[in-house]
Amino acid sequence: MSWLVLASGSSGEPWWISLIKAAIVINLVLFGFAYLTLIERKVMGRMQLRYGPNRVGPFGTLQPIADLVKLIRKESFFPAAAIDVLYILGPFLAAFTALTTFSVIPWGPGWTIGGYEVTGYVADVSISLLLIFAIGSIGIYGFIIGGWASDSKFALLGSMRTCAQLVSYEVSLALSVLGVVIMAKSLSLVDIVAAQGADIWYVIPQIVGFVIFILAGTAETARAPFDLPEAEQELVAGYHTEYGGMRFGLYSMSEYINLITLSGLAVTLFLGGWHGPWLPGPVWFIIKLAVIIFVFIWMRTTLPRLRYDQLMRFGWKVLLPIATVNAVVTAILVVWI
Amino acid sequence: MQPFGTLKGFGVTFKHIFKQPITQQYPEYKRPVYPRFRGRHRLHRHANGLEKCVGCSLCAAACPSDCIRVVAAENTAEHRVSAGERYARIYEINLSRCIFCGYCELACPFDAITLGNEFELSEYSRDDLIYTKDMLLAEPIKRIPVQDADLYDTPIPAYKTSS
């Protein structure tokens, strides 16, 4: 049962509390994903002088449910030439890894309920930051496998682009976080949040890292202006061209949950996690999460898509050097001051 | 300057959140059609109740998509339908073929057929799209608002001033 010990971390809470918390967090994240699609369409609509979906339910609030029902009821076909095991495995891998990564993000200070100590995170792994990046990298396999196994030119090109883009920007993303890790002297997200509660939020000393994190994160979640993997005008839909029904839904879900996780990571690393005055921790966490997600949506409406060479140049020649310098300067300052 | 230009773009999109959307919510709000909009056909009567159509089939001859079918019959003293010698015993327009060009209107010597303002013509079956004489003679059930004619003579389009 060593994995249970790992899951419940160093705190003394029984393992079943972790399971309950995991169920709650997964359901909240799924709920958040469903309404994120609606909110994104609403906000984008407003920015483009439209209403966005407003037909299903009051103010369109039942739109995600209608979408879900539509996707589930659709035929789950696959192309005749597709490699069926991998074709089905692709979306599952992507969705699974997307859901897993949220488990290490702390969202509260921890409480004592009915004599049991309940921590404000599902799992505290001492290397949770590395874990998130590692699982995220496994998630890329979901995209590559899906695009490759569906035997389509568009899907293959899309998955190649996804692969190249995600691998390129993962470097800058990991390096931009390095400054925070150096300042907090820990890879555990719980410790990083605790360090920010004691000290200032790292967005102030690590503003460069924060900006790089947001930019590389946009590319990492393949959102506009870095949405080349699914550029509709040139590739039909990217790696999920040949997918339909709930398999497409799983891909879409994994993309949005990756966005939520990434925003949660930005909040945790740079914006002090759940720390904040007056309101309880989870509320602050959700407020900050909403702000970051709004910035992502805002960016999507405002900026046009980059060309592929611009994307690569921006990743390797702009973000990577700045992230490296940022990490080195932070290291020097931390050692000398 | 490139970065400031980008930031300006962010400002523009943010500002637009607080503006009223210019969307016209269609089924609730029907945008008034142009005064000379060509919608569903209508057949007309004289003031004394007689039909204007005399069954000459000129409309059917003019129709490029061949969607009008006219079968004429003689008027008699005890059964007088139209003002002319003959009347249209059958007058059918297949609206699934009609292209709303208005040639029938131009071809008609008695102004018996005109193109009205109705544009909501969807049906569940193709057969329902064949409009018979009774349907064309009847007053339209749905009233379509018609735009004020001089609104379109202004140099600035209405959607720019009204929203």
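The values are calculated or read from the model by the stated rules, or taken from the named source; none is laboratory data. Keep in mind the model is a prediction, meaning the values are calculated, not measured. Positions of Cβ are generated from backbone atoms using ideal geometry, with glycine treated the same way; all protein chains shown enter the neighbour counts.
Considering only residues that are aliphatic (A, V, I, L, M) and within 14 Å of chain A (Cβ to nearest Cβ), which ones fall in the range B:3-52? Outline the logic, then answer.
Within the range B:3-52, the subset aliphatic (A, V, I, L, M) is B:7, B:12, B:17, B:22, B:33, B:43, B:47, B:50.
If the condition is that a residue be aliphatic (A, V, I, L, M) and within 14 Å of chain A (Cβ to nearest Cβ), then B:Leu7, B:Val12, B:Ile17, B:Ile22 are the ones that fit.
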Exercise. So which residues in the range A:35-67 are more than 14 Å from every other protein chain (Cβ to nearest Cβ) and surrounded by 17 or more Cβ atoms within 10 Å (Cβ to Cβ)?
Worked result: A:Leu36, A:Thr37, A:Leu38, A:Gln63, A:Pro64, A:Asp67
Problem set entry | Contacts under 7 angstrom Cβ, first residue in the range B:56-67 being under 11 Å from B:Ile93 (Cα atoms), partner in a loop (DSSP other than H, G, I, E, B) and acidic (Asp, Glu), 6 or more apart | none
Exercise. Do we find a residue being assigned to a helix (DSSP H, G or I) and under 20 Å from A:Ile135 (Cα atoms) anywhere in the range A:268-289?
Worked result: yes
Exercise. Quick one: would you say A:Tyr202 is touching a Phe, Trp or Tyr at 6+ places or on another chain (Cβ under 6 Å), among the hydroxyl-bearing types (Ser, Thr, Tyr) and farther than 22 Å from A:Tyr308 by Cα?
Worked result: yes
For this session: Go through the residues of the range A:229-246 one by one and say whether even a single one is at pLDDT below 90 and touching a Pro at 6+ places or on another chain (Cβ under 6 Å).
Result: yes
Exercise. Of A:Thr301, A:Thr330, which residue is within 14 Å of chain B (Cβ to nearest Cβ) and touching a helix residue (DSSP H, G or I) at 6+ places or on another chain (Cβ under 6 Å)?
Worked result: A:Thr301
Exercise. Any idea which of B:Ala72, B:Ala62 is away from every other protein chain (no Cβ under 14 Å), among the hydrophobic types (A, V, I, L, M, F, W, C), surrounded by 14 or more Cβ atoms within 10 Å (Cβ to Cβ) and in contact with a Gly (Cβ under 6 Å, 6 or more places away or on another chain)?
Worked result: B:Ala72
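Condition check ((1) over 30 Å from A:Phe285 (Cα atoms); (2) outside any loop (DSSP other than H, G, I, E, B)) across all residues:
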position	(1), (2)
A:Asp151	yes, no
A:Leu157	yes, yes
A:Arg161	yes, yes
A:Tyr169	no, yes
A:Ala174	no, yes
A:Leu178	no, yes
A:Val190	no, yes
A:Ala194	no, yes
Problem set entry | Qualifying residue in the range B:95-105 (condition: surrounded by 18 or more Cβ atoms within 10 Å (Cβ to Cβ) and in contact with an Asp or Glu (Cβ under 7 Å, 6 or more places away or on another chain)) | no
Problem set entry | Subset of the range A:263-291 that is of a type in the set (Val, Ile, Thr) and crowded, with 21+ Cβ neighbours inside 10 Å - its residue that is nearest to the other protein chains (Cβ to nearest Cβ) | A:Val267
For this session: Starting from the range A:6-27, keep only residues that are within 17 Å of A:Leu189 (Cβ to Cβ) and of a type in the set (Ser, Thr, Tyr), then list their pairs with residues that are modelled with pLDDT of 80 or more and part of a loop (DSSP other than H, G, I, E, B) whose Cβ atoms are within a distance under 9 Å, requiring at least 6 positions of separation or different chains.
Result: A:Ser10/A:Ser126
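For the range B:123-163, how many residues are exposed (fewer than 10 other Cβ atoms within 10 Å of the Cβ) and modelled with pLDDT of 85 or more?
Matching residues across the range B:123-163 total 4.
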